[in-house]
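Trainee: The structure under discussion is supplied below as structure tokens; questions concerning it will follow.
The values are calculated or read from the model by the stated rules, or taken from the named source; none is laboratory data. In this text, all values refer to a predicted model and were calculated from it rather than measured experimentally. All Cβ positions, glycine included, derive from the backbone under ideal geometry; neighbour counts span all protein chains shown. For the accessible areas, the whole protein counts, side chains as well, though only heavy atoms, and no ligand, DNA or RNA atoms are used. Shrake-Rupley method; radii C 1.70, N 1.55, O 1.52, S 1.80 Å.
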Amino acid sequence: MFGKIRVFLEMIKIEHTLFALPFAFMGMLLGSVVINGHLPSWAQAGWILLAMIGARSAAMGMNRLIDRYIDAKNPRTEKRAIPAGLLKTSEVAIFVVVFLGLFLWATWELSRFALTLFPIALALILLYSYTKRFTWLCHIVLGATIALAPLGGWAAVTDSFSWSSLVFYVAIAFWTAGFDVIYACDDIDFDRKEGIYSIPSRFGLEKALKIAQGFHVVTAIGLISLVFITPLGWWYAAGVVIACSILFYQHRIVKPSDLSRVQTAFFTMNSWLSSIVFVFTLIDLVVKFW
């Protein structure tokens with residue numbers, strides 16, 4: 001049984017939750033402070049954690065189901081759970097239903113307004129898994145999906161949206177799209193051979209990396225803008241400086257002629273970035289409300 005659990009955890013890349021979870025909590029913090037004037041409760045944080053676990057697990061499971069035939073052809077992904085025969089499609093389907101149920105339950109407990117985002121999130125999850133079959137804009141669709149985490153965190157504690165939440169949403173959407181473009185560079189040859197759509201396969205490595213840089217410029221502008229449109233101050237600004245330095249370094253270590261450090265740029269750098277921005281945001285707001 002424990003072996004099967006490990007396979008499921010590997011399938012959904014549970015460690016990649018570090019990408020979006022800190023931003024979901026940051027959306028919760030900002031929404032509660034900007035709109036409600038106080039820090040969120042521990043109960044709200046707990047339900048948001050469960051919602052994130054449910055949403056991300058279901059999304060990854062669904063993606064693995066939909067992409068199982070593509071994964072079986074790709075040398076980089078042929079050892080994933082379904083094409084390798086470690087999990088049956090029926091098992092993964094049950095897994096998806098269970099975690100969609102967890103996502104729905106947690107969202108229901110948070111707020112009725114947040115619940116209205118559930119069908120939108122589900123539609124984007126389904127759409128993303130198919131977009132690589134017909135458009136190179138698939139990276140932006142992924143960004144729009146992942147960025148629902150901070151937007152959902154905001155909505156869960158405020159029952160509303162604001163310009164601040166939308167600026168934050170756009171910043172995270174383009175951050176995700178940018179690093180997904182970098183990650184897709186590893187599959188450029190396979191994607192071209194199989195007719196898979198992506199920015200690298202459409203425009204080539206050099207232009208793709210420049211597009212990713214452009215996406216991350218939008219991210220930097222969005223994160224910096226929050227200093228001027230929210231109560232965030234110097235602690236947050238210091239975290240953004242570090243985050244922008246990480247983005248800059250990320251693009252320094254990945255070059256068209258050398259993709260050997262794509263995994264470092266994709267996982268290590270992005271995990272640090274989201275965690276740092278969240279921690280500095282938390283310090284900033286706790287200092288204000290101490």
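Trainee: Consider region 142-185. How many of its residues are more than 28 Å from Ala208 (Cα to Cα) and not polar (S, T, N, Q)?
Mentor: 9
Trainee: Quick check on region 213-264: of everything there that is outside any helix (DSSP H, G or I) and small (Gly, Ala, Ser), which residue is nearest to Ser162 (Cα to Cα)?
Mentor: Top of the filtered list is Gly233.
Trainee: Please find, within region 37-76, the residue that is most open to solvent (accessible area, probe 1.4 Å) out of those that are more than 30 Å from Thr230 (Cα to Cα) and of a type in the set (D, E, K, R).
Mentor: Applying the filter and picking the extreme gives Lys73.
Trainee: Could you list, in sequence order, all residues of region 213-243 that are open to solvent by 70 Å² or more (accessible area, probe 1.4 Å) and out of contact with any Asp or Glu (no Cβ under 6 Å at 6 or more places or on another chain)?
Mentor: Hits for region 213-243 are Gln213, Val217, Ile221, Ile224, Phe228, Ile229, Trp234, Val241.
Trainee: Right, here's the next one. Within region 188-212, track down each residue that is part of a helix (DSSP H, G or I) and either among the aliphatic types (A, V, I, L, M) or open to solvent by less than 30 Å² (accessible area, probe 1.4 Å) (or both).
Mentor: Ile188, Phe190, Asp191, Ile199, Pro200, Ser201, Leu205, Ala208, Leu209, Ile211, Ala212
Trainee: Here's another thing I want to ask about it. Which one of Tyr69, Tyr130 is out of contact with any helix residue (DSSP H, G or I) (no Cβ under 6 Å at 6 or more places or on another chain), in a helix (DSSP H, G or I) and touching a residue at least 60 places away in the same chain (Cβ under 8 Å)?
Mentor: Checking each option against the conditions leaves just Tyr130.
Trainee: A further question on this structure: Take the residues in region 135-173 that are part of a loop (DSSP other than H, G, I, E, B), touching a residue at least 12 places away in the same chain (Cβ under 8 Å) and under 24 Å from Gln44 (Cβ atoms); name whichever of them is most open to solvent (accessible area, probe 1.4 Å).
Mentor: Only one residue fits best here, namely Asp159.
Trainee: Of the residues that sit in region 263-279 and are open to solvent by less than 30 Å² (accessible area, probe 1.4 Å) and modelled with pLDDT under 80, which one is nearest to Leu18 (Cα to Cα)?
Mentor: Restricting to residues being open to solvent by less than 30 Å² (accessible area, probe 1.4 Å) and modelled with pLDDT under 80, the top hit is Phe266.
Trainee: Does Ile125 meet the test of being buried (at least 16 other Cβ atoms within 10 Å of the Cβ) and in a helix (DSSP H, G or I)?
Mentor: So Ile125 fits the description; yes.
Trainee: Also, quick follow-up: Within region 186-200, does at least one residue satisfy the condition of being out of contact with any Lys or Arg (no Cβ under 6 Å at 6 or more places or on another chain) and closer than 18 Å to Ser165 by Cα?
Mentor: Checked against the condition, which is being out of contact with any Lys or Arg (no Cβ under 6 Å at 6 or more places or on another chain) and closer than 18 Å to Ser165 by Cα, region 186-200 yields no hits at all.
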